[in-house]
Amino acid sequence: MNIQNENKGEQIKILSIEILPEDYQEKVEDGLKKVRRSVSVPGFRIGKAPMQLIKRNYEKSIIADTVERIVSDEIQKFISDNKLQVLGEPLPVNDQTSFDLEHSDKFHFTFEIASQKPFDLDYGKVPSFTRYQIVADDNEIDNYISELQKRYGKYSSPEAIGENDFVTVSYPEAQSGNFHFEELNSEGQKLFKGKKANDVVKVDVNTIFTNDNSLAAFLHTTAALLDKSAPKELELTITYIGHLEPAEINDDFFKKAFPDGSIKTVEDMRKDAALHIEQNYAPNAQNKFMNDAIDGLLNHLDIQIPEEFMKKYILTIQKDMTAESLNEKYADYEKSFRWQLLENKLATENDIKISEDDIKQYVRTSLVNMYFQNFDAESVSDRIDALVEDTLRNKETRKNIYDRLFDDEIGKVLLNKMKTTVKKVTMKEFTEIIYNIKPEGEAAPKAKKTAAKKTSTKKAATEGEVKETKETKEVKEEKPKAKKTTAKTTASKTKKATPKAE
């Protein structure tokens, strides 16, 4: 065997491997003997077929497989011996490769191997930037409490339709349709107010709702599929009138809404509402922080990617892509490759790993928060364990959770290392920042979304990924007995990402 290598620039090595008969012949002979012992050849007992016949039928394929393994082993040995951190995969140089089983017993292979150029993770080079904290405003808190009052309110079925009522009707094209009285515009409200069960209202439904989404929901379709080009006259027979009287805020309400006794005053309830609202908003602020942090690092750190090699690599693995379309998208690919290198360096330097226990704890905590908050933890422990195992049978769910936990840990490192100034904003203000919308009174350009570039975070795993099963539906309907318990998620980490165009 003859192996040679040369450098082609700082990051590219050309590896040439010449395979001679003595490098593979013994392995091929062993392979032929193994085939002879097991293959069934017509006219001969197994293991008794003439070796010449076996050679004629199988030798070339065994040589091809053997040579392929030898070449692969030599490439890996070369990478390991030279301590290379490889970008992409070694690419064959076709015009310097000769593998002709019909006319030669010597084979020559040439590969182009790209390696990472070391870079320093110098956070000091990145200027300070704003990190946003989204806070709840009074209106959001009022709405949150209003929903709680409805949840623990009293249901009744009044004789006639009034404000805040829920109405079910039947009509020929469907079994039933539903709407809330406040979804009707003034014309619709005039038609239905005071009507009773079994009354029939003939109406053009295209004209009575406040918006297309309400109309679409009533017609069991989507707003995009609505056809309002002609009147849609229907005879609506009122079949049910429902009324919800929101619960009064008193001691009885606090006991029902907060059975653990943690909230007993309106002031405490407003603080709790703000906390829940802000927890829901936190991922939005975190995504903005991650995007800004990654842009800052990539713009100020010297992370070099060999463009010519990477374009060849992308065209090799994405067969349907043309050179022209790649040129248009290459900047996104390069950013993704550079982020992968940066992400791997962050993980290595900060010992980031995600364990199986971390993944299970995440799922367990999600299940507790969604379905078992008011149960005694010990009494439902076995049941939750079974649901955790059932959830993690889905490989994609497992991968998404792994990526979420990994990205969370990367975020913690960046939060700790990078210079930021915290600014508290409402969700409305945050949205205006994201979409570059000027406050009223200022000259505003057309609202344009500032492309919040994707980070290498994969699909964000949220509690929604822990699917609702038949059993968890049953849990919701049970009468829980004991207290809320909270399990805390912990995480360690290590991941390898596959870069994609943004």
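Assorted remarks:
- Residue within region 363-370 that is modelled with pLDDT under 95, hydrophobic (A, V, I, L, M, F, W, C) and surrounded by fewer than 18 Cβ atoms within 10 Å (Cβ to Cβ) present: yes
- Residues (surrounded by 11 or more Cβ atoms within 10 Å (Cβ to Cβ) and either in contact (Cβ under 8 Å) with a residue 40 or more places away in the chain or small (Gly, Ala, Ser) (or both)) located in region 249-265: Ile249, Phe253, Lys256, Ala257, Pro259, Asp260, Ser262
Rundown of residues vs (1) buried (at least 18 other Cβ atoms within 10 Å of the Cβ); (2) farther than 30 Å from Ile145 by Cα, yes/no style:
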residue	(1), (2)
Ser214	yes, no
Pro246	no, no
Glu267	no, no
Met290	yes, yes
Ile314	yes, yes
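- Unmet criterion (only one of (1) touching a His at 6+ places or on another chain (Cβ under 8 Å); (2) without any contact (Cβ under 8 Å) to a residue 60 or more places away in the chain; (3) charged (D, E, K, R)) for Asp165: (2)
- Hits in region 168-196 (condition: among the acidic types (Asp, Glu) and touching a strand residue (DSSP E or B) at 6+ places or on another chain (Cβ under 8 Å)): Glu173, Glu183
- Every condition in (1) in contact with a Ser or Thr (Cβ under 9 Å, 6 or more places away or on another chain); (2) at positive phi holds for Gly31 except the one numbered (2).
- Residue under evaluation Thr421, criteria (1) touching a helix residue (DSSP H, G or I) at 6+ places or on another chain (Cβ under 9 Å); (2) at pLDDT 95 or above, criterion not met: (1)
- Any hit, region 301-320, residues being over 30 Å from Asn344 (Cβ atoms), part of a helix (DSSP H, G or I) and touching a strand residue (DSSP E or B) at 6+ places or on another chain (Cβ under 6 Å): no
- Inside region 331-373, residues that are part of a loop (DSSP other than H, G, I, E, B), in contact with a helix residue (DSSP H, G or I) (Cβ under 6 Å, 6 or more places away or on another chain) and of a type in the set (D, E, K, R) make up a count of 0.
- Selection status of Ile277, over 33 Å from the mean Cα position of the chain (by Cα) and surrounded by 16 or more Cβ atoms within 10 Å (Cβ to Cβ): no
- For region 303-316, filtered to residues that are out of contact with any helix residue (DSSP H, G or I) (no Cβ under 9 Å at 6 or more places or on another chain) and in contact (Cβ under 8 Å) with a residue 60 or more places away in the chain, the residue that is farthest from Gln85 (Cα to Cα) is Thr316.
The values are calculated or read from the model by the stated rules, or taken from the named source; none is laboratory data. Everything numeric in this text was worked out from a predicted model, so none of it was measured. All Cβ positions, glycine included, derive from the backbone under ideal geometry; neighbour counts span all protein chains shown.
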